[in-house]
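The values are calculated or read from the model by the stated rules, or taken from the named source; none is laboratory data. Because the structure is predicted, anything quoted here is derived from the model rather than measured. Every residue, glycine as well, gets a Cβ built from its backbone with ideal geometry; the counts of neighbours run over all protein chains shown.
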Amino acid sequence: MNKKGFGIIAGILGSLGLAAVVGKQAQQKSADKVHATIIAKIHDEFAQRGNIEGTWLSKDIDVLVTDDAEFAVYHGGVSLRRNGELEQYELVIDAQTLEIVSENKIL
C-alpha cells in the first residue's frame, strides 16, 4: 500500500474512532441527565417525609416482569430521618416515565 492510501485509511479510522468517542460522551451525558432527574424526583418525594441523608440509583436498567408485562426499571434507594429515627427505602423507578413505581421500607 502506498503512503497516500495508508494516510486515507488512517484518516477514516481516526474519524470513526473520534465519532465513537463523541457518541459515547453524548450517551453518557444523556444517562447522567436521566439519573439527575430521577434523584431530584426522589428528593422531592421524600423530603416531605423527613431529612434526607442519602440516595442511590443503579446506572443499569433491569427488567421487571409482572403477570401482565415486562418493564425496564432502575433500582434505587433513599435514607432519611423522621422524628430522629432512620428510615430506609428500596425503590423501583420506571425507566420510561422516570416515576417511582414501587417503594419498600426496609428499615
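Taking the stated definitions as given, is Glu87 surrounded by 12 or more Cβ atoms within 10 Å (Cβ to Cβ) and assigned to a helix (DSSP H, G or I)? Steps first, please.
Working: surrounded by 12 or more Cβ atoms within 10 Å (Cβ to Cβ): yes; assigned to a helix (DSSP H, G or I): no.
No; evaluated as a whole, the condition is false for this residue.
Sort out which residues of segment 59-79 are farther than 12 Å from Asp94 by Cα, more than 14 Å from the chain's Cα centre (by Cα) and either among the aromatic types (Phe, Trp, Tyr) or surrounded by 10 or more Cβ atoms within 10 Å (Cβ to Cβ) (or both), and write them in order of number.
Residues satisfying the conditions are Val78, Ser79.
Name the residue that is nearest to His43 (Cα to Cα), counting only residues in segment 59-84 that are in a strand (DSSP E or B) and among the hydroxyl-bearing types (Ser, Thr, Tyr).
Ser79
Would you confirm whether any residue within segment 40-58 is assigned to a helix (DSSP H, G or I), among the charged types (D, E, K, R), surrounded by 10 or more Cβ atoms within 10 Å (Cβ to Cβ) and modelled with pLDDT under 90? Break it down stepwise before answering.
Step one: filter segment 40-58 for residues assigned to a helix (DSSP H, G or I), giving 40-47.
Those left that are additionally among the charged types (D, E, K, R): 41, 44-45.
From the residues that got through so far, the ones that are surrounded by 10 or more Cβ atoms within 10 Å (Cβ to Cβ) too are 41, 45.
With modelled with pLDDT under 90 added as a condition, the list becomes none.
Checked against the condition, which is being assigned to a helix (DSSP H, G or I), among the charged types (D, E, K, R), surrounded by 10 or more Cβ atoms within 10 Å (Cβ to Cβ) and modelled with pLDDT under 90, segment 40-58 yields no hits at all.
Applying the selection to segment 58-88, what residues are touching a Gly at 6+ places or on another chain (Cβ under 6 Å) and not polar (S, T, N, Q)? Steps first, answer last, please.
Pass one, segment 58-88, residues touching a Gly at 6+ places or on another chain (Cβ under 6 Å): 79-82.
Result: Leu80, Arg81, Arg82.
Starting from segment 94-106, take each residue that is at positive phi and list its partners that are of a type outside the set (S, T, N, Q), counting only C-beta distances under 6 angstrom and pairs at least six apart or across chains.
That search, which allows pairs on different chains as well, returns Leu98/Ile38.
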